[in-house]
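A short write-up of the structure that comes next.
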Amino acid sequence: MKTSTGGLIAVQGGGIKTNAHVPASALVYEEIRRQIVSLTLLPETTLVRAELADSFSVSQSPVREAIMRLEQDGLVVSYPQSRTVVTKIDVARIREEHFLRVAAECEAVRQLAEAPETGAVIKAKGIVKMQEALVGDIEQIDLFKQLDESFHAALFNGVNQSNLHLQITARSGHLERVRTLDLPRAGKMFSVLEGHKAVIAAIQSGDGYEATTQMRQHLSGTMERLPQIIAENKDLFS
């Protein structure tokens, strides 16, 4: 078991970027969560609250609140004496999170296809163009992933369900870690791009059934590869 926050990267020279409108606990939560789902912080890494507070230049109170949220997400588990451990990736939770995501996203694209919201489609197409410029460049994988998240957020926004998208994202930490393992694979960036294009084309055709079919297929790739991903990364899974 890893025994320190050695992998933790606090932003802005040892602190977090402050925002008067966002509590410190939320900023700490977002940064630790980002590092967990990106596997910068690997499963079984021990996080010590005092060290986290020093790393982010905050008191232990916002760290404690952030850890409580991460526990609710199933990304960490806490033990007595302020020791917190990053959880291993849970296969049952992956399937649950995937089920939720497919159900919500398929309904979103169905609604968009049957009553197209032009602004959302235009924004999604613009994101796809940016992704197209990055395909094949593994050094840009983080930016490609951010654009992927923005693409799906745009679809939810188009049916006035932005809050639902945020809720699903918060509950999808185990699935996100698997996607992190899968994305660098040769050809994966291209398949993601083609999936996005197919979804947009189906929405623009006005065919709700085709839109849901394309979205379901787009979201299935990583799940189809799950047994192989687990076999290649056994130490990361529970």
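The values are calculated or read from the model by the stated rules, or taken from the named source; none is laboratory data. It should be emphasised that the depicted structure is a prediction, and the values quoted were computed from it without experimental measurement. Glycine also receives a Cβ, built like all others from the backbone with ideal geometry; neighbour counts cover every protein chain displayed. SASA here: full protein model, heavy atoms, side chains in, ligands and nucleic acids out. Shrake-Rupley method; radii C 1.70, N 1.55, O 1.52, S 1.80 Å.
Side notes on the structure shown:
- Put simply, the amide H of residue 89, placed in the peptide plane, has neighbours under 5 Å in 237, 238, leaving out anything fewer than 5 places away on its chain.
- Pairwise Lys count, the chain - Cα closer than 23 Å, eight or more residues apart or different chains: 18
- Contour excess over end-to-end distance, with Cα ends at residue 68 and residue 83 and 0.36 nm allotted per residue: 4.1 nm
- List 174, 98, ordered by accessible area with a 1.4 Å probe, largest first: 98, 174
- Cα principal axis extents for the chain, largest first, Å: 57, 44, 31
- Spherically averaged projected area of the stretch 123-193 from its Cα convex hull (nm²): 4.6 nm²
- Taking 7 Å steps out from each Cα toward its Cβ at residue 231 and residue 142 produces label points 3.2 nm apart.
- Two-site FRET efficiency, residue 103 against residue 194, from Cβ-Cβ distance with R₀ of 25 Å, rounded to 0.05: 0.65
- Over the chain, DSSP H runs of length four or greater, each weighted -39,500 (n - 2.57), average out per residue to a 222 nm ellipticity of -21500 deg cm²/dmol.
- Surface accessible to a 1.4 Å probe, per residue, for the residues of the chain, Å²: 50 Å²
- Separation of the stretch 174-200 from the stretch 54-83 is 31 Å, based on Cα centroids.
- Here the chain has 52 percent of its accessible surface on carbon and sulfur atoms, given a 1.4 Å probe and all protein chains in place.
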